[in-house]
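**Q** Before I ask anything, let me first share the structure, which is written out below as structure tokens.
The values are calculated or read from the model by the stated rules, or taken from the named source; none is laboratory data. Bear in mind that the values here come from a model prediction, so they are computed numbers and not experimental data. When we count neighbours, we look across all protein chains shown, and the Cβ atoms used for this are built from the backbone with ideal geometry, even at glycine.
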Amino acid sequence: MTPYVEPSRREGASPQPALAPRVTLENVSKDFHSHQGKLHVLDSVSLQIGAGEFFCLLGPSGCGKSTLFNIIAGLERPDSGQVLVDGRPVTGPGPDRVVVFQDGALFPWLTVRGNVEFGLAMRGLPRAAIRERAMAVLDLVRLSRFADACIHELSGGMRQRVSIARALALEPRILLMDEPFAALDAQTRNVMQEELQRIWAQTGQTVIFVTHNVAEAIRLGDRVAVLSFRPGQLKREVSIPNPRPRLSDDPRLLEIRTFILRDLRADVHAAVEEELADE
Ligand SMILES: Nc1ncnc2c1ncn2[C@@H]1O[C@H](COP(=O)(O)OP(=O)(O)OP(=O)(O)O)[C@@H](O)[C@H]1O
Ligand SMILES: [Mg+2]
């Protein structure tokens, strides 16, 4: 097998997305102040995410992925630098960016359909349009049969489908996902990765997907940005040119996985050491 060569190092290949930039990060830095003192979490992170791109943000636990994610979502402010969406600076959350978290954050007192319809009702859409759009996205995530089910009747994978449907119903230009499958068992996670590839192919949305799982990042992403541990800097961007749908055991993916794992080894060690030191 020929050794893996980063696309950006291949002759003629461009490290930047060929698509028009949807999200631009310019020198984003962030510190937190905790009981341990000042924590320099993000250090001058600059990158571009193309319109319609599936972009994965990868890095060891505690490296600042969620912090960067929250800054893009507008839930957190950077200390310096800025985020632009379609050329306009982000100053807070907005309808162009919808977030899916690890736990789904569903309303347990509403049905599946009620959860999906909630955000649409908040936007003041007419009743019939709300119903129609909710059913269309439930169909997309293959949950139409469960429209009237209660949340507690659903498995973890089904709950995550509801939260994806709820986000898609709002038709955001950017879908932000922070470790959405981390709480699922390995088999369900595998199915959800397949499903997300299918859904993304149908919607063509820009997706920013955060994970600490290398296999997941390279299976899903057009591009994977790797963050280093403390301070979180953009260590590397890797383009994944493999055709979709991608299988988890694709040998070409395994090669890229080994490459990234080797690259991240020292950062993962540093992250684990720090977690152990905290105990
Ligand atoms: N509001 C906060 N106040 C103080 N420290 C914080 C705050 N939020 C995050 N941190 C710290 O900043 C660092 C980065 O946290 P962050 O949640 O962004 O990491 P992460 O890469 O998402 O980790 P994980 O993979 O475990 O989700 C961690 O050390 C965390 O403890
Ligand atoms: Mg996180």
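**Q** Could you tell me whether the range 167-182 includes any residue that is surrounded by fewer than 24 Cβ atoms within 10 Å (Cβ to Cβ), within 16 Å of ligand 1 (Cβ to nearest atom), more than 13 Å from the chain's Cα centre (by Cα) and assigned to a loop (DSSP other than H, G, I, E, B)?
**A** No, the range 167-182 has no match at all.
**Q** Also, quick follow-up: Looking at Arg189, Arg166, Arg161, which is the one that is more than 27 Å from Val28 (Cβ to Cβ), free of Cβ contacts under 8 Å to residues at least 40 places away in the same chain and in the same structural domain as Ala134 (by TED's automatic domain parsing)? Walk me through how you get there before you give the answer.
**A** On the way: Arg189 fails: in the same structural domain as Ala134 (by TED's automatic domain parsing); Arg166 fails: free of Cβ contacts under 8 Å to residues at least 40 places away in the same chain.
The conditions single out Arg161.
**Q** So for the range 157-166 (the condition being within 24 Å of Asn70 (Cβ to Cβ) and within 16 Å of ligand 1 (Cβ to nearest atom)), does at least one residue qualify? Please lay out each step first, then the result.
**A** The first filter runs over the range 157-166 and keeps only residues within 24 Å of Asn70 (Cβ to Cβ), leaving 159-166.
Going one step further and asking which of them are within 16 Å of ligand 1 (Cβ to nearest atom), we end up with none.
Scanning the range 157-166 turns up no residue that is within 24 Å of Asn70 (Cβ to Cβ) and within 16 Å of ligand 1 (Cβ to nearest atom).
**Q** Whether any residue in the range 36-58 is out of contact with any strand residue (DSSP E or B) (no Cβ under 8 Å at 6 or more places or on another chain) and more than 14 Å from ligand 2 (Cβ to nearest atom) is what I want to check.
**A** Checking the range 36-58: at least one residue is out of contact with any strand residue (DSSP E or B) (no Cβ under 8 Å at 6 or more places or on another chain) and more than 14 Å from ligand 2 (Cβ to nearest atom).
**Q** Only one of these is over 28 Å from Thr111 (Cα atoms) and charged (D, E, K, R): Asp263, Asp185, Asp178. Name it. Write out each step before concluding.
**A** Working: Asp185 fails: over 28 Å from Thr111 (Cα atoms); Asp178 fails: over 28 Å from Thr111 (Cα atoms).
Selected residue: Asp263, the only one of Asp263, Asp185, Asp178 that is over 28 Å from Thr111 (Cα atoms) and charged (D, E, K, R).
**Q** Also, I was wondering about something else. State which residue is farthest from Ser66 (Cα to Cα) when the search covers only the range 79-102 and only residues that are of a type in the set (D, E, K, R) and outside any loop (DSSP other than H, G, I, E, B).
**A** Of the residues in the range 79-102, the ones of a type in the set (D, E, K, R) are 79, 86, 88, 96-97.
So of that shortlist, the ones also outside any loop (DSSP other than H, G, I, E, B) come out as 88, 97.
Details: Arg88: 22, Arg97: 15 Å.
Looking at residues that are of a type in the set (D, E, K, R) and outside any loop (DSSP other than H, G, I, E, B), I get Arg88.
**Q** Being outside the structural domain of Leu47 (by TED's automatic domain parsing) and part of a strand (DSSP E or B), is that true of even one residue in the range 103-112?
**A** Yes, the range 103-112 contains at least one residue that is outside the structural domain of Leu47 (by TED's automatic domain parsing) and part of a strand (DSSP E or B).
**Q** Additional query: Any residue at all in the range 122-130 that's out of contact with any Asp or Glu (no Cβ under 9 Å at 6 or more places or on another chain), touching a residue at least 12 places away in the same chain (Cβ under 8 Å) and not assigned by TED's automatic domain parsing to the domain that holds His33?
**A** yes
**Q** Taking only the range 79-88 into account, find how many residues are more than 16 Å from ligand 1 (Cβ to nearest atom) and closer than 30 Å to Ala201 by Cα.
**A** Going through the range 79-88 one residue at a time, the tally reaches 6.
**Q** Among the residues of the range 192-202, which ones are touching a residue at least 60 places away in the same chain (Cβ under 8 Å) and surrounded by fewer than 16 Cβ atoms within 10 Å (Cβ to Cβ)? Break it down stepwise before answering.
**A** To start, the set of residues in the range 192-202 that are touching a residue at least 60 places away in the same chain (Cβ under 8 Å) comprises 200, 202.
Scanning the range 192-202 gives a single hit, Gln202.
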